1. Looking only at segment 59-82, how many residues end up being within 21 Å of Glu157 (Cβ to Cβ) and in contact with a helix residue (DSSP H, G or I) (Cβ under 7 Å, 6 or more places away or on another chain)?
2. In segment 120-146, how many residues are more than 23 Å from the chain's Cα centre (by Cα) and within 17 Å of Pro162 (Cβ to Cβ)?
3. When segment 302-318 is examined, which residues are found to be closer than 21 Å to Arg253 by Cβ and free of Cβ contacts under 8 Å to residues at least 24 places away in the same chain?
4. State all residues of segment 48-72 that are assigned to a helix (DSSP H, G or I) and either on the phi > 0 side of the Ramachandran plot or among the polar types (S, T, N, Q) (or both); if no residue qualifies, say none.
5. Mind checking whether some residue in segment 241-264 is under 26 Å from the mean Cα position of the chain (by Cα), of a type outside the set (Asp, Glu), closer than 30 Å to Phe120 by Cβ and in a loop (DSSP other than H, G, I, E, B)?
6. Looking at segment 118-134 only, could you name the residues that are buried (at least 21 other Cβ atoms within 10 Å of the Cβ) and in contact with a Ser or Thr (Cβ under 9 Å, 6 or more places away or on another chain)?
7. Can Thr221 be described as hydroxyl-bearing (Ser, Thr, Tyr) and touching a helix residue (DSSP H, G or I) at 6+ places or on another chain (Cβ under 9 Å)?
8. Please specify each residue of segment 234-269 satisfying the condition of being surrounded by 19 or more Cβ atoms within 10 Å (Cβ to Cβ) and either modelled with pLDDT under 90 or hydroxyl-bearing (Ser, Thr, Tyr) (or both).
Amino acid sequence: MKALILSGGHGTRLRPLTYSQQKQLIPVANKPVLFYAIEDVIEAGIHDIGIIVGPNKEQVIEAVKSVDWEANIEFIYQGEPLGIAHAIKVAQYWIRDSDFVVYLGDNILREGIVKHLEHFKKGNFDASILLCEVPNPQRFGVAELSEDGKTIKRLIEKPKVPPSNLALVGIYFFKPIVFEAISHLKPSWRGELEITEAIQWLIDHGYRVGWTKVENWWKDTGKPEDILDANRLILDDIKKDIKVKTKAKIIGRVIVEEGTEIDENTVIKGPAIIGKNCKLRNAYIGPYTSIGDNCVIENTEIEDSVILEGTEIKCGGRIVESLIGRNVKILEQSNHPIGRRLVVGDNSQIVL
């Protein structure tokens, strides 16, 4: 069994951050989204991993190689992001005749893939997909099931009138027969080889396509609000772990990493995570906030936000529901603190 994790694409919905970094490397609870996918496939006992890379491929390779994974990892260059099915086609030389899982690298699945992989194997399916109930199925690919709910009749991409509320999660299991299905595809109106069409080809030609339902939460972190929502969900599960001595007032479940300095005038209310070598002075860090490594937060209130590494915030105000990139400087100019909502790219400087 092999795993193919997709970490290409331009990440246009996450601009301006993705002008300077790959979207799958944006951290949730101080860990790149991509790493959650890698951990899931290793947990499922898969130790041969191919990672599809495209723009910013050097960033992805460097980030992945910075960790000693219990896996053999190969990087596969896709070039232009021409669809999930195209990425699988590009990786055919590496997958060969193995069964494999495709995992979109900007997805986070709370329950992992172990039970879903077991279903694929035990059922001897040619393909198996994950489905999740969503309140807005018209935004996703949607499955129409048979009357008894056991089999999939068809898959519809972003239907105006959805036949169900079961959306396709970005995780798929395949036998090598999917390469034949992909060979029959033509680019869609988006100019891409659509994975839903490949799976539909398998269904139409009598191959066994199974499905499993996601019982816990799933997030596609394609937009800033999705990153913030995933951050909340991950932080809900953390345990208190404070690795430094401080007289600050710390309430609830908070992680503080080594090397961080927090003065006695600072208040941290969890769930929250503070990275390594940060400096917090006269600050308030509220619930559902992640502060990356080497950040300086001074005379500022931050809540329900994700702050990436190397950022300095001394704005004298209150920042809420914000996603702020690496090495950003936000400095104070006036004495009128107000709530601010920000999505800021890397290496920016803002004077408020």
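1. Qualifying residue count for the region: 1.
2. 3
3. Pass one, segment 302-318, residues closer than 21 Å to Arg253 by Cβ: 302-307.
Across segment 302-318, the qualifying residues are Ile302, Glu303, Ile307.
4. Pass one, segment 48-72, residues assigned to a helix (DSSP H, G or I): 57-65.
Gln59, the sole residue that qualifies.
5. No - not one qualifying residue is present in segment 241-264.
6. Those that are buried (at least 21 other Cβ atoms within 10 Å of the Cβ) and in contact with a Ser or Thr (Cβ under 9 Å, 6 or more places away or on another chain): Phe120, Ser128, Ile129, Leu130, Leu131.
7. Working: hydroxyl-bearing (Ser, Thr, Tyr): yes; touching a helix residue (DSSP H, G or I) at 6+ places or on another chain (Cβ under 9 Å): yes.
Criteria met by Thr221.
8. The answer is Thr260, Thr266.
The values are calculated or read from the model by the stated rules, or taken from the named source; none is laboratory data. As the structure is a prediction and not an experimental result, all values here were calculated from the model. Because the Cβ atoms are built from the backbone with ideal geometry, glycine has one as well, and the counts that use them run over all protein chains shown.
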